[in-house]
1. Determine the calculated [θ] at 222 nm for the chain from helices alone, applying -39500 (n - 2.57) to every DSSP H run no shorter than 4 residues and normalising by the residue count; nearest 500 deg cm²/dmol.
2. Could you check the simple spin-label distance between Ser77 and Asp33, using points 7 Å along Cα→Cβ, in nm with one decimal?
3. Just the projected area, averaged over all directions, of the convex hull on the alpha carbon atoms of the chain: how many nm²?
4. If each residue of separation counts as 0.36 nm, what is the full-extension length gain between Met1 and Gln20 once their alpha-carbon separation is subtracted?
5. Taking amide H positions as placed 1.01 Å from N in the peptide plane, with prolines and chain starts having none, which residues 5 or more places from Thr36, or on another chain, fall under 5 Å of its amide H?
6. For the chain, compute the number of Lys pairs whose alpha carbons are separated by less than 17 Å, excluding pairs fewer than 8 positions apart on the same chain.
7. How large is the dipole of the stretch 49-94 about the Cα centre if only Lys and Arg carry +1 and Asp and Glu carry -1, each at its Cβ, rounded to the nearest 20 debye?
8. Evaluate the relative contact order of the chain (contact order divided by residue number), counting alpha-carbon pairs under 8 angstrom at least 6 apart; express in whole percent.
Amino acid sequence: MMFQHNDDQKQGLFFLENEQGQRIAEISYVWSDENTIIANHTWVDDSLRGQGVAKKLLDVLVQFARDKQLKIVATCSYVEVMFKRDQSFADVVA
């Protein structure tokens, strides 16, 4: 599964498109400051439910934060729950 990434220095998005170019999954963030992003939305199309796509998107976002030495503030309910549930994310939680 190859996720695409867009970032305009104000906000960013990791996403997956189908063969027709339609977006079918995404996790978005906004820059709070140069060291912090706010994970504000996660969405997965019904056709992908149950395949762990939301977790894969979160893993990509967390790896991005680690690579850039960023902290993540979760305002997305999915990300909030996962940060509380999985201590392996503790290093990026703001």
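1. Theoretical 222 nm ellipticity from helices: -8000 deg cm²/dmol.
2. Computed distance between label sites Ser77 and Asp33 equals 3.0 nm.
3. Mean projected area for the chain: 5.9 nm², to one decimal.
4. 5.3 nm
5. Lys71
6. 5
7. In debye, rounded to 20, the stretch 49-94 gives about 100.
8. Reported as a whole number, the value is 22 percent.
Every number here is computed from the coordinates shown, using simple stated rules; none is lab data. This is a predicted model, so every value here is computed, not measured. Neighbour counts are summed over all protein chains in view; Cβ atoms, including those assigned to glycine, are modelled from backbone coordinates with ideal geometry.
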